[in-house]
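What follows is a set of notes on a single structure, which appears directly below.
Quick note: the coordinates plus some simple rules give every number you see, no bench work behind them. As the structure is a prediction and not an experimental result, all values here were calculated from the model. So basically every Cβ, Gly included, is an ideal-geometry build from the backbone, and we count neighbours across all protein chains shown.
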Amino acid sequence: MPKTHAVAIYGTAKYKQLKTITYTRRTPYHPERLQTITYHRKVYVERERRITLWGSPRDIAKAKAKIDKENWIPKKKYVDRVPAKDFLKNPQKYAKEGKWIDKKIKKTP
Amino acid sequence: MTKKLKKHPNPYVLGFTTDKGLLLDLDNTTLHETRQIAKKYTRRFKLEGYLIMKSSQNNYHIIFNRYLTWKTALEYLFKIVWSYHYYEHGSKPSLTNWAILQACKRSMTLRISNKNRKPKPRLIEKRGKTNKLIDDYLSYTNIYP
């Protein structure tokens, strides 16, 4: 009986993330006073991502096609032991929208 | 005339992952040495057969045929690392690093697609039985054309 193995998909992903920006400025009419301004903005970030899809070669090929077509990237840095059949039914559980990019970034431990 | 480089079909890298067998990633090794390692450990651990793939210049992958439990596979992997670290040809730091990473992930991974400018691994040699893990490996490499 053939045993099931997996295919790991890894590389650099680009996605939008909420970032808090804070800065201080002097008020226009009272320059002796300092005002702190905080706001949130969605910015693009580039991070390393890895996902391992377990199952038959046919299911994995389908899951890979889905990732290419619908632009899915793993939710976390390392998403392990994802059944390919499960991924085809419910990709939101393991992945979110983003783009894979062909770029090397500095590794962080 | 400058030669046009073939465009990378995927921006990510694909790797064959298993926890039911023994794989080896040998960096900075000659083909002769790779062959010696494959033959020696196939005989010593009764692994039935082996497949050698060339990933790039002086970098080779070895896939052994017999199915093993994760515990046994890890035992054999670290026996190879141990023997190379202390007895033969000096140490292989890249193999040690790779083995530690695989132990952390609880599965062994070898690349099956392009990576940056490196082409996908090419078949060099097949010896002994190839009906178990080697067949599985070859069927999974078909995912990446």
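Worth pointing out:
- Take each residue in B:12-25, count the other chain C-beta atoms within 10 Å of its C-beta, and the mean is 5.
- Total charge dipole magnitude, the protein assembly as shown, about the Cα centre, Cβ charges on Lys, Arg, Asp, Glu only, Debye to nearest 20: 700 debye
- As a proxy for reagent exposure, A:V7, A:V45 were ordered by neighbouring Cβ count within 10 angstrom, fewest first; the result is A:V45, A:V7.
- Backbone HN-Hα couplings from phi across the stretch B:37-42 [Karplus 6.51/-1.76/1.60, Hz, Gly and Pro as x]: 4, 4, 5, 4, 7, 5
- Least to most buried among A:H5, B:H61, A:H30 (fewest other Cβ within 10 Å first): A:H30, B:H61, A:H5
- For the stretch B:15-141, the square roots a ≥ b ≥ c of the C-alpha gyration tensor eigenvalues yield an a/c under 1.5, which makes the shape rounded.
- The stretch B:40-87 and the stretch A:35-72: distance between their alpha carbon centers, rounded to Å: 33 Å
- The modelled label-to-label distance between B:N97 and B:L138, using points 7 Å beyond Cα along the C-beta direction, is 3.3 nm.
- Computed from Cα atoms, the angle from the helix A:57-70 axis to the main principal axis of chain A rounds to 30 degrees.
- Backbone phi angles across the stretch B:68-78, fed through the Karplus curve with coefficients 6.51, -1.76 and 1.60 (θ = phi - 60°), yield HN-Hα couplings of 10, 6, 4, 5, 5, 4, 5, 4, 5, 4, 6 Hz in residue order; Gly and Pro are listed as x.
- With a threshold of 20 Å on the Cα-Cα distance, the over-threshold entries among B:K40/B:K79; B:K46/B:K129; A:K66/A:K89; A:K75/B:K115; B:K39/B:K79; A:K69/B:K118 are A:K75/B:K115; A:K69/B:K118.
- Taking every residue in A:8-16 and counting other chain Cβ atoms within 10 Å of its Cβ, the average works out to 4.
- Within 10 Å of the Cβ of each residue in A:89-102, the mean number of Cβ atoms contributed by other protein chains is 1.
- Cα→Cβ-extended label distance, 7 Å offset, between A:E32 and A:R81, nm: 6.5 nm
- About its Cα centre, the stretch B:15-141 has a charge dipole of approximately 220 debye under the convention of +1 per Lys or Arg Cβ and -1 per Asp or Glu Cβ, with nothing else charged.
- When the chymotrypsin sites (Phe, Trp or Tyr not before Pro) in the stretch A:13-51 are filtered for DSSP coil states and for at most 15 other beta-carbon atoms within 10 Å of their beta-carbon, the remaining sites are A:Y29.
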